Amino acid sequence: MTILVTGATGTVGRQVVEQLVKRGAAVRALVRDPSKASFPAGVGIVQGDLLDVDSLRSAFSGVSTLFLLNAVVADEYTQALIALNIAREAGIQRIVYLSVIHSDLYVNVPHFAGKYGVERMIEQMGLNATILRPAYFMGNDLTIKDVVTGYGVYPMPIGSKGLAMVDTRDIAEVAAIELLRREHSAVPLPLDRINLVGPDTLTGTDVTAIWTDVLGRQIAYAGDDTAAFEQNLRQFMPSWMAFDMRLMSERFITDGMVPEAGDVERLTKLLGRPLHAYREFASQVATSV
């Protein structure tokens with residue numbers, strides 16, 4: 001019985017592998033470049049690409065449970081559909097798919113809409129899966145920590161509706177728990193969805209108040225200028241991706257990323273501990289500068 005993890009060298013995927021190994025699971029990691037893979041002892045490494053059907057067929061051979069994670073890339077949707085079809089062909093009946101919260105609401109945001117399309121395939125094809133729907137990753141804010149600490153400005157246009165920011169450690173641990181729940185079940189389990197959120201729903205004002213507190217100096221909120229946000233992102237990523245991120249931020253502003261009733265309690269019970277909070281994340285960043 002083997003669990004295959006895709007996206008295994010990324011932030012979430014690597015932690016999923018570690019959580020599974022910690023729990024005694026047999027793990028196989030799908031990677032593009034084995035020379036860049038560094039995993040705990042005992043993890044099997046297979047080279048492959050989610051657009052390479054032959055490599056997927058080889059990687060999926062002998063696999064009992066699949067963790068499907070796709071990076072935000074232009075062909076993410078195609079990658080996911082191919083992977084799920086090959087998994088179905090291989091007889092894999094235990095799947096955990098990493099989607100995104102409000103994928104059915106943010107219908108104009110490309111990577112949200114793509115993930116919702118994958119969810120629809122899982123549902124309509126009758127695949128036995130847990131769909132994990134994480135909110136905004138706290139760790140995304142590592143990319144702007146120099147702006148916060150150096151210029152005293154929080155530049156992410158997250159608005160005033162609030163985001164239930166989630167820690168990737170919580171995402172990975174829930175993923176591992178769900179993978180093993182499905183792996184150890186005598187029969188394939190029915191479809192389930194879990195929103196992955198943090199303990200607090202934070203606005204731009206809330207986040208800057210946390211940074212002000214942990215840094216001991218005033219931090220300002222840059223506001224909700226999504227056009228400027230897009231232009232800044234174009235310095236670091238392709239124009240299509242920067243536009244995708246702008247559209248996402250506009251939905252942050254109009255709709256927020258608010259958990260459903262009971263989400264926090266469900267996760268706390270599942271993990272058997274409190275969820276990691278944004279203040280903890282900010283405090284760790286503050287001590288490192």
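Kindly indicate the residue of segment 266-289 that is modelled with pLDDT of 95 or more and assigned to a loop (DSSP other than H, G, I, E, B) and also surrounded by the most Cβ atoms within 10 Å (Cβ to Cβ) among those meeting that condition.
Out of the qualifying residues, it is Leu275.
Being surrounded by 17 or more Cβ atoms within 10 Å (Cβ to Cβ) and part of a helix (DSSP H, G or I) is the filter here, so list the residues in segment 253-265 that pass it.
Asp263, Val264
Would you confirm, using the coordinates I've provided, whether Leu189 is assigned to a helix (DSSP H, G or I) and either touching a residue at least 40 places away in the same chain (Cβ under 8 Å) or out of contact with any helix residue (DSSP H, G or I) (no Cβ under 9 Å at 6 or more places or on another chain) (or both)?
Taking the combined requirement at face value, the residue does not satisfy it.
Mind counting the residues in segment 60-86 that are in contact (Cβ under 8 Å) with a residue 40 or more places away in the chain and farther than 30 Å from Asn140 by Cα?
So the count comes out to 4.
Restricting segment 112-128 to residues that are without any contact (Cβ under 8 Å) to a residue 24 or more places away in the chain and over 16 Å from the mean Cα position of the chain (by Cα), which is surrounded by the fewest Cβ atoms within 10 Å (Cβ to Cβ)?
Top of the filtered list is Gln124.
Do you know which residues across segment 62-77 are part of a loop (DSSP other than H, G, I, E, B), within 16 Å of Gly44 (Cα to Cα) and in contact with a strand residue (DSSP E or B) (Cβ under 6 Å, 6 or more places away or on another chain)?
Within segment 62-77, Val63 is the sole residue that qualifies.
Taking segment 194-214 on its own, how many of its residues are under 18 Å from Gly152 (Cβ atoms) and not acidic (Asp, Glu)?
Residues meeting the conditions: 9.
Listed residues Val43, Val53; which is in contact with a helix residue (DSSP H, G or I) (Cβ under 9 Å, 6 or more places away or on another chain) and crowded, with 16+ Cβ neighbours inside 10 Å?
Val43
Give Asp244, Asp255 a once-over and let me know the one that is within 20 Å of the chain's Cα centre (by Cα) and farther than 27 Å from Thr149 by Cα.
Asp255
Would you confirm, using the coordinates I've provided, whether Ala209 is in contact with a helix residue (DSSP H, G or I) (Cβ under 8 Å, 6 or more places away or on another chain), not hydroxyl-bearing (Ser, Thr, Tyr) and not in a loop (DSSP other than H, G, I, E, B)?
Against the criterion (in contact with a helix residue (DSSP H, G or I) (Cβ under 8 Å, 6 or more places away or on another chain), not hydroxyl-bearing (Ser, Thr, Tyr) and not in a loop (DSSP other than H, G, I, E, B)), Ala209 does not qualify.
The values are calculated or read from the model by the stated rules, or taken from the named source; none is laboratory data. None of these values were measured; they are calculated from a predicted model. All Cβ positions, glycine included, derive from the backbone under ideal geometry; neighbour counts span all protein chains shown.
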